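Below is one structure, written out as structure tokens, with a few remarks after it.
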Amino acid sequence: MPAKTYVVGVGMTKFEKPGSREWDYPDMARESGSKALEDAGIRYDKVEQAYVGYVYGESTCGQRAVYELGLTGIPVINVNNNCSTGSTALFLAAQAVRSGVAECALALGFEKMQRGSLQSTFEDRENPMQRHVLALNEKYDIAMPLAPWMFGAAGVEHMEKYGTTPDHFAKIGEKNHRHSVNNPYAQFQDVYTLEEIKESKVIYDKLPLTKLQCSPTSDGSGAAVVASERFVEENGLGDRAIEIVGQAMVTDLRSTFENNSAATLVGYDMSKEAARKVYEQAGLGPDDVDVIELHDCFSANELLTYEALGLCAEGEGGKLVDNGDTTYGGRWVVNPSGGLISKGHPLGATGLAQCAELTWQLRGDADARQVTDAKVALQHNIGLGGAAVVTAYRPAAR
């Protein structure tokens with residue numbers, strides 16, 4: 001039986017519009033990392049390995065970031081897995097603890113982003129998304145910016161196959177902005193009517209996908225301290241520890257390119273397979289889950305992910321939206337934090353912010369956004385090119 005692994009401390013910064021705050025990535029890391037260590041009740045010298053994620057930056061930014069917490073000579077591993085970077089750092093930290101390599105490890109992610117749509121950094125080599133883009137272009141004419149086109153095309157495909165409507169996607173944007181009102185860490189904390197969501201600037205006209213259904217560029221950081229069962233017992237952390245009861249990372253499959261599907265090209269099959277593995281590991285199913293943080297980079301992807309995670313059958317995501325099944329009072333609360341759409345999306349920090357939110361939810365510490373009697377939580381984070389990471393959590397057995 002795999003060794004038990006726990007999240008014992010979490011921390012994050014407020015997510016901010018790029019350039020709106022005078023700080024650099026070491027400042028972000030110091031804030032989120034210090035909060036996570038304080039939450040765990042330990043000093044940095046207890047940490048044996050650190051996994052530090054970011055997408056935009058020089059090769060050893062990870063070292064410079066955690067040097068703000070201490071200079072102890074531990075291994076510091078830099079992580080870059082596109083938008084799933086933060087959850088990949090968490091996956092690696094948990095793997096190190098689970099395997100016995102470390103009793104306590106730190107996962108930390110940050111991003112300092114440029115304003116506007118995501119851009120390629122290197123123009124003298126093949127873009128890792130080129131194969132995905134060319135495959136999708138065979139079915140849907142390419143549009144710029146690329147990310148909203150790719151996810152928007154997947155939404156159009158869903159409408160063509162299953163009769164989903166633009167309102168289903170707009171309602172997801174409305175829900176997530178409404179949820180973020182109670183999150184002091186969120187980049188946006190404004191309520192919008194459904195009409196305001198629909199009437200905001202159109203980013204991809206075929207859906208149509210509007211600005212208020214898209215995640216913004218953001219600055220910010222998140223962190224989590226991961227520890228073994230022995231570490232938890234020796235340091236008296238059981239009353240705050242949250243167990244990772246299942247975790248899987250899946251990269252692109254043959255079906256990604258062979259199914260002639262926009263959904264698979266933006267990660268549907270990766271997400272579905274990662275979720276299957278996690279449910280199997282945890283001995284749980286979708287009906288056991290109470291609260292979910294998932295990768296709503298665009299509203300279309302949230303709806304697709306309902307189906308990939310098994311919350312409903314394929315093609316029935318719109319029914320969950322219409323029935324109010326993914327908000328307070330429904331079967332699950334999805335993205336109580338406001339999700340990427342409203343909380344923000346600093347790429348390297350996103351997965352760790354999701355971990356922080358779910359840790360607070362399972363401890364009962366989420367204040368006005370608390371999900372009643374939350375006992376099982378599920379996290380989903382993807383990066384195209386590609387990787388999907390799914391993690392299941394529940395409080396440590398008392």
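The values are calculated or read from the model by the stated rules, or taken from the named source; none is laboratory data. Just so it is clear, the structure is predicted and the values come from calculations on it, not from any experiment. In this analysis, Cβ positions are derived from the backbone assuming ideal geometry, glycine residues included, and neighbour counts consider all displayed protein chains. Accessible surface areas use protein heavy atoms only, side chains included; no ligands, DNA or RNA. Shrake-Rupley method; radii C 1.70, N 1.55, O 1.52, S 1.80 Å.
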What percent antiparallel are the DSSP beta bridges of the chain, to the nearest 5?
70
Accessible surface of D322 - all protein chains present, 1.4 Å probe, nearest 10 Å²
90
Students often get this wrong, so check it: of K14/K211; K4/K211; K319/K343; K198/K375; K35/K171, which have C-alpha atoms separated by over 31 Å?
K4/K211; K198/K375; K35/K171
Just the accessible area for M150, please: 1.4 Å probe, Å², rounded to the nearest 10?
10
Å² of accessible area per residue within the chain, as computed with a 1.4 Å probe and no ligands counted:
40
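For every helix of n ≥ 4 consecutive DSSP H residues, a contribution of -39,500 (n - 2.57) applies; sum these over the chain, divide by its total residues, and give [θ] at 222 nm rounded to the nearest 500 deg cm²/dmol. Mind dumping the intermediate values first?
On the way: 15 runs with 148 residues, N = 398.
Result for the chain, helices only: -11000 deg cm²/dmol.
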What ³J(HN,Hα) values, in whole Hz, does the Karplus curve 6.51 cos²θ - 1.76 cosθ + 1.60 give for the stretch 20-31 when θ = phi - 60°, with x put for Gly and Pro?
7, 9, 7, 7, 10, 4, x, 5, 4, 5, 4, 5
HN-Hα J couplings of the stretch 156-162 from phi, Karplus 6.51/-1.76/1.60, θ = phi - 60°, integer Hz, Gly and Pro as x?
4, 4, 5, 5, 5, 7, 10
Longest principal axis of the chain (C-alpha) makes with the long axis of helix 85-98 (C-alpha) an angle, in degrees to the nearest 10, of 40
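Of all the accessible heavy-atom surface of the chain, with the other protein chains kept in place and a 1.4 Å probe, what percent is carbon and sulfur?
C and S fraction of accessible area: 48 percent.
Counting only C-alpha contacts under 8 Å and six or more residues apart, can you give the relative contact order of the stretch 209-278 as a whole percent? Walk me through the numbers on the way to the answer.
Values: 32 pairs, mean separation 18.2, N = 70.
Dividing the mean separation by the residue count of the stretch 209-278 yields 26 percent.
Below 8 Å between Cα atoms, with a sequence gap of 6+, how large is the relative contact order for the stretch 1-120 in percent? Show your work: numbers first, answer last.
On the way: 191 pairs, mean separation 37.7, N = 120.
Worked out over the stretch 1-120, it gives 31 percent.
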Here the Cα Rg-to-2.2 N^0.38 Å ratio for the chain is 0.91
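So, with +1 on the Cβ of K and R and -1 on the Cβ of D and E, and no other charges, what is the size of the charge dipole of the stretch 192-351 about its Cα centre, to the nearest 20 debye?
Result for the stretch 192-351 is approximately 400 debye, rounded to the nearest 20.
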Please build a GNM for the chain, connecting alpha carbons under 10 Å apart, and tell me which residue among K171, K161, K375 fluctuates the most.
K161
Taking the chain as a Gaussian network, where each spring joins two C-alpha atoms under 10 Å apart, which residue of A135, A153, A388 fluctuates the most?
A135
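Using the Cα centre as the reference, give the magnitude of the dipole from point charges on the C-beta atoms of the stretch 279-355 (Lys, Arg: +1; Asp, Glu: -1; all else neutral), rounded to the nearest 20 debye. Walk me through the numbers on the way to the answer.
Working: 3 positive and 12 negative charges, 64 e Å.
Value, rounded to 20: 300 debye.
Could you tell me what % of all Cα pairs in the stretch 43-93 have separations over 12 Å? Kindly include the intermediate steps, with their values, before the conclusion.
Values: 751 of 1275 pairs.
The proportion of pairs with Cα distances above 12 Å equals 59 percent.
Shape call for the stretch 258-398 from the C-alpha gyration tensor, a ≥ b ≥ c root eigenvalues: rounded (a/c under 1.5), prolate (a/b greater than b/c) or oblate?
Values: a/c = 1.43, a/b = 1.38, b/c = 1.03.
The shape class here is rounded.
Given Cα pairs under 8 Å that are at least 6 residues apart, what percent is the relative contact order of the chain?
26
What's the whole-number percent of alpha carbon pairs in the stretch 159-311 lying beyond 24 angstrom?
On the way: 5730 of 11628 pairs.
Roughly 49 percent, rounded to a whole number.
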